[in-house]
1. Give the accessible area for residue 406 in Å² (nearest 10); use a 1.4 Å probe, count only protein heavy atoms, and leave out ligands, DNA and RNA.
2. Report ³J(HN,Hα) in whole Hz for each residue of segment 590-596, in order, from the Karplus equation J = 6.51 cos²θ - 1.76 cosθ + 1.60 where θ = phi - 60°; Gly and Pro get x.
3. Kindly provide log₁₀ I(q)/I(0) values, in the same order as q = 0.14, 0.20, 0.23 Å⁻¹, from the Debye equation applied to equal alpha-carbon scatterers of segment 354-476.
4. Considering only the other residues whose Cβ falls under 10 Å of the Cβ of residue 563, what net charge follows from Lys and Arg at +1 and Asp and Glu at -1?
5. With a 1.4 Å probe and all protein chains kept in place, how much accessible area does residue 308 have, in Å² rounded to the nearest 10?
6. Compute, for segment 218-348, the length of the dipole vector about the Cα centre, with Cβ point charges of +1 (Lys, Arg) and -1 (Asp, Glu) only. Units Debye, rounded to 20.
7. Highest first, please rank the peptides 258-268, 77-87, 162-172, 520-530 by the mean number of other Cβ atoms sitting within 10 Å of their residues.
8. Size of the dipole of the chain about the Cα centre, Lys and Arg at +1 and Asp and Glu at -1 on the beta carbon, nothing else charged, in debye to 20?
Amino acid sequence: MKSRDNDPICNRNPRPDFPDFSTVLAQNASRRCFLQVAAGSALLTALGMPEWVSAAGRPAAPAIGFVSLVAGIEDSVRIPVGYNLQLLYAWGDPISDGPPFRADASNSAADQAQQAGMHHDGMHFFPFVENGRPSSNHGLMCINHEYTDDGLLHTDGMATWSTEKTFKSQNAHGVSVIEVRYEKGAWRVVRPSNYARRITARTPIRISGPAAGSSALRTKDDRRGNVVFGTINNCAMGVTPWGTYLTCEENFNGYFNGLDAPTPEQKRYGIRRNGSGMRWHEHDGRFDLATEPNEANRFGWVVEIDPWNPAKPPIKRTALGRFKHEGATVTLAGDGRVVVYMGDDEAFEYIYKFVSQEAFDPKKPSSDLLDRGSLHVARFRADGKGEWVELTHGRNGLDEKAGFADQADVLVRARMAADIVGATRMDRPEWIAVHPVSGEAYCSLTNNGKRSADSVDAANPRAANRFGHIIRWRATNGDAAASGFEWDVFVLGGNPAHPDEAKRGTIKGDGFGNPDGLWFDADGRLWIQTDVSTGSLNKGDYEGLGNNQMLVADINTGETKRFLSGPRGCEVTGITRTPDGTTLFVNIQHPGETAGARSDPANPTAVSAWPANQFKEATGGRPRSATLAITRQNGGVVGT
Ligand code: FEO
Ligand code: CA
Ligand code: CA
Ligand code: CA
């Protein structure tokens, strides 16, 4: 979602004390080690990744062989020489054999429920198994639709706001499940498809785990507190070893009309009068806290979707805690327990980890492993070590005296529990990527303009952090369930050409700011996607960095190379590939975004006319978020 630099700080906790930062960076620079974790390979195999990845002796640093791009300012997507680019799935495209997109945005709310939502974000390709192997030509894709620009979504924007417009806005949120196939040299969406479905802000979703049924989750319409309509602000994602998709609810607070006198809990989660101006509450009372005070407690969760079973309702997994979830990156502990790393994307918020109680057994995959386990929050110490502190009722001061009635209460107010145990306040944790072999985790910290010089710490070393950075950690003994870890800063974002040396960061190679999407391919290339706010793009400190972009980093040398440059006013977010690595899918979100405002329906292409200006098959009229397929002309692995 848009940068929220003007929002009030929700976390006003004092920070723990840390010694000098520069000493720590120097200490960590010499501490590079990559531990072999068998479980990481098992996970990849289960997810349909190539078998050779699990073989010992693969090179630590995969080839990154393309000729990198200069920064782009065009209103188009650019990729390196030798690659092909294809438009696969844009906002408004039918998921199956439903209604086509209308260029004047006159599709109805009912049409929208059968079409691609807006603002594509995290996604994953789930291969069909064909001839006994995971296919790289045929799969299901789950694609998040994070939020909407209602200036573009309706013919006359937000004028004459109505129930129909509210429902269309709700139906443009959520997740798409589509079937895709590569044949005759091109990717296409399979229409009709029995798998295709839209999950929207109006789809019935089961609530499970320790907070299900608790008093905080009960409403007038759901007295048992175990079914909720919809998922919203679906940002990044995760994939489980049993082949399901995790979609994560980020800035849910913005959809609710808060009270004039919010409770401490509502304040801590940023719920306020009129939210972010979505106006849903005017026609759907559950988004008005005066009508339904508990509805907001039913959002801010991780939601599990089984793409292979279209009849199965998605499930909100409350054991993973409630906060502004960016993503939910899954790996396995040494003993097979499921570990989920999660960022809470807001200034001064935390990084969390869930560890399941039971181990994953590929022979008996249980779909409820995410309902039982422990939630933890990260403390980064200045000596380059850190620990995961457990957020379990009755431990670490989380008891009745501290105001927590039970575990459900700890999970519903996870941010407040994390405050009590002295977690490290980070610079907006976004995506977390886990190296496919070593298990080392990398997290984008996108920026934090609110950090003052006297509140910097070792893990968040820059005051008024403009460009963001990427932090990484290695679990003790390579066991993701361990309570300890070692960490260092992988890179400080910046502009290598900046006259002020402090603003060049530690970048070797192509410059970037505001890392957000972060993902390892199965060969170990680190892909970085940027989300510089529209008002900052290519000017001031960012002059010369161009539009938002995607780069590849060599984690051993720290070198970065620019692979893709997006159209005007977009953010690049969401990435996945086929098991053989020959197709990379990437999302372009909100092309044509207007700085600080919704788009003007009278002039929708004021900033961008993408994708219709680049792809002749695309209907125009409005800029449209879209999924792209990228292949090499020689059929090789993308990135090599
Ligand atoms: Fe939805 Fe934090 O990006
Ligand atoms: Ca954004
Ligand atoms: Ca993001
Ligand atoms: Ca972002």
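The values are calculated or read from the model by the stated rules, or taken from the named source; none is laboratory data. Note that this is a predicted model, so its numbers are computed, not measured. For neighbour counting, all protein chains shown are included, and Cβ atoms are generated from backbone atoms with ideal geometry for every residue, glycine included. For the accessible areas, the whole protein counts, side chains as well, though only heavy atoms, and no ligand, DNA or RNA atoms are used. Shrake-Rupley method; radii C 1.70, N 1.55, O 1.52, S 1.80 Å.
1. 70
2. 6, x, x, 4, 9, 4, x
3. Reported log10 I(q)/I(0), two decimals: -0.77, -1.23, -1.31.
4. Result for the local shell: +3.
5. Probe radius 1.4 Å; accessible area of residue 308 about 80 Å².
6. 340
7. Top of the packing list down: 520-530, 162-172, 77-87, 258-268.
8. Roughly 380 debye, rounded to the nearest 20.
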